[in-house]
Amino acid sequence: MKHEEIIADIKAGRYAPIYFLTGDEPYFIDDIAGRLERDTLSEDEKAFNLTVLFGNEVSMTTVTDTARRFPMMAPRQVVIVKEAQNIRDFDNLAPYVDHHQPSTVLAFLYKNKKPDKRKGVFRRLAASKDCVWFESAKLYDNQLPDWIARYCAARRRSITPKAARLLADSLGTDLSKVANELDKLMLLLP
């Protein structure tokens with residue numbers, strides 16, 4: 001699934017039970033996770049139903065136990081696991097993939113490391129119809145000006161191709177940095 005499709009589904013309120021976000025470009029992974037964190041629950045519901053865990057601090061048993069809880073005074077709960085690549089017992093997720101909690105949105109942020117797709121749990125995640133598997137690839141230098149133009153257009157701004165190339169050449173391919181600089185420039189525009 002593409003980044004834009006996932007964002008459109010989240011905006012429309014169509015949430016998958018499991019999101020597995022992996023790849024070398026952290027900007028897209030963080031964008032999807034941020035949207036899940038902001039848009040799935042109201043501010044009142046977040047106090048009891050939003051859980052953010054870190055992979056180097058928890059085991060998969062803790063993650064699945066948290067995901068199996070029922071939401072409190074809300075239609076769903078959201079569990080986001082950052083740094084999921086640091087979880088040692090990832091194989092313990094397999095039973096949850098087959099029998100997940102329908103009222104839970106579980107998101108794994110597996111950054112800067114490729115999952116071993118030969119392992120059963122990753123094959124099961126990739127094959128599951130209830131899991132959104134997203135692989136975020138780094139953009140090449142020649143793709144960056146087009147991405148800058150699309151980023152500006154999504155925020156109802158326009159940029160000339162020459163200016164987009166100039167920004168791409170001077171800022172490099174770190175999309176988080178490019179987005180941050182573009183946001184600063186947009187603050188200055190009327």
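So, of the residues in the range 148-177 that are under 18 Å from the mean Cα position of the chain (by Cα) and open to solvent by less than 90 Å² (accessible area, probe 1.4 Å), which turns out to be farthest from residue 117 (Cα to Cα)?
Among those residues, the one meeting the criterion is 151.
Can you name every residue in the range 129-185 that is in a loop (DSSP other than H, G, I, E, B) and in contact with a Cys (Cβ under 7 Å, 6 or more places away or on another chain)?
Residues satisfying the conditions are 158, 159.
Do we find that residue 87 is at pLDDT 95 or above, surrounded by 15 or more Cβ atoms within 10 Å (Cβ to Cβ) and either in contact with a helix residue (DSSP H, G or I) (Cβ under 7 Å, 6 or more places away or on another chain) or not aromatic (Phe, Trp, Tyr) (or both) in this structure?
So residue 87 does not fit the description; no.
Under the condition of being in contact (Cβ under 8 Å) with a residue 60 or more places away in the chain and part of a loop (DSSP other than H, G, I, E, B), which residue from the range 5-21 is most open to solvent (accessible area, probe 1.4 Å)?
Checked the range 5-21; the qualifying residue most open to solvent (accessible area, probe 1.4 Å) is 15.
I'm told residue 2 meets every condition in (1) at pLDDT 90 or above; (2) exposed (fewer than 15 other Cβ atoms within 10 Å of the Cβ); (3) within 15 Å of the chain's Cα centre (by Cα) except one. Can you identify the failing condition by its number?
So residue 2 meets the others, but not (1).
Which of the residues belonging to the range 22-81 are assigned to a loop (DSSP other than H, G, I, E, B), out of contact with any Asp or Glu (no Cβ under 9 Å at 6 or more places or on another chain) and among the polar types (S, T, N, Q)?
Answer for the range 22-81, where residues must be assigned to a loop (DSSP other than H, G, I, E, B), out of contact with any Asp or Glu (no Cβ under 9 Å at 6 or more places or on another chain) and among the polar types (S, T, N, Q): 40, 42.
Looking at (1) polar (S, T, N, Q); (2) open to solvent by 30 Å² or more (accessible area, probe 1.4 Å); (3) out of contact with any Asp or Glu (no Cβ under 7 Å at 6 or more places or on another chain), which is the one condition that is false for residue 112?
(3)
Looking for something in contact with a helix residue (DSSP H, G or I) (Cβ under 8 Å, 6 or more places away or on another chain), closer than 28 Å to residue 181 by Cα and among the aliphatic types (A, V, I, L, M) - is there at least one such residue anywhere in the range 64-75?
no
Could you tell me whether any residue of the range 46-68 is within 30 Å of residue 174 (Cα to Cα), touching a residue at least 40 places away in the same chain (Cβ under 8 Å) and crowded, with 19+ Cβ neighbours inside 10 Å?
Within the range 46-68, not a single residue is within 30 Å of residue 174 (Cα to Cα), touching a residue at least 40 places away in the same chain (Cβ under 8 Å) and crowded, with 19+ Cβ neighbours inside 10 Å.
Pairs, please: C-beta under 9 Å, at least 6 apart or cross-chain, first residue within 19 Å of residue 155 (Cβ to Cβ) and of a type in the set (A, V, I, L, M, F, W, C) and in the range 165-190, second open to solvent by 60 Å² or more (accessible area, probe 1.4 Å) and not in a helix (DSSP H, G or I)?
175/138; 182/155; 182/157; 185/157; 186/155; 186/157; 189/157
Can you find a residue that is outside any helix (DSSP H, G or I) and either on the phi > 0 side of the Ramachandran plot or among the basic types (Lys, Arg) (or both) anywhere in the range 86-102?
yes
The values are calculated or read from the model by the stated rules, or taken from the named source; none is laboratory data. Model, not experiment: these values are computed from the prediction. Don't worry about glycine lacking a Cβ; one is built from the backbone with ideal geometry, like all the others, and counts go over all protein chains shown. We work out accessible area using only protein heavy atoms, side chains counted, and drop any ligands, DNA or RNA first. Shrake-Rupley method; radii C 1.70, N 1.55, O 1.52, S 1.80 Å.
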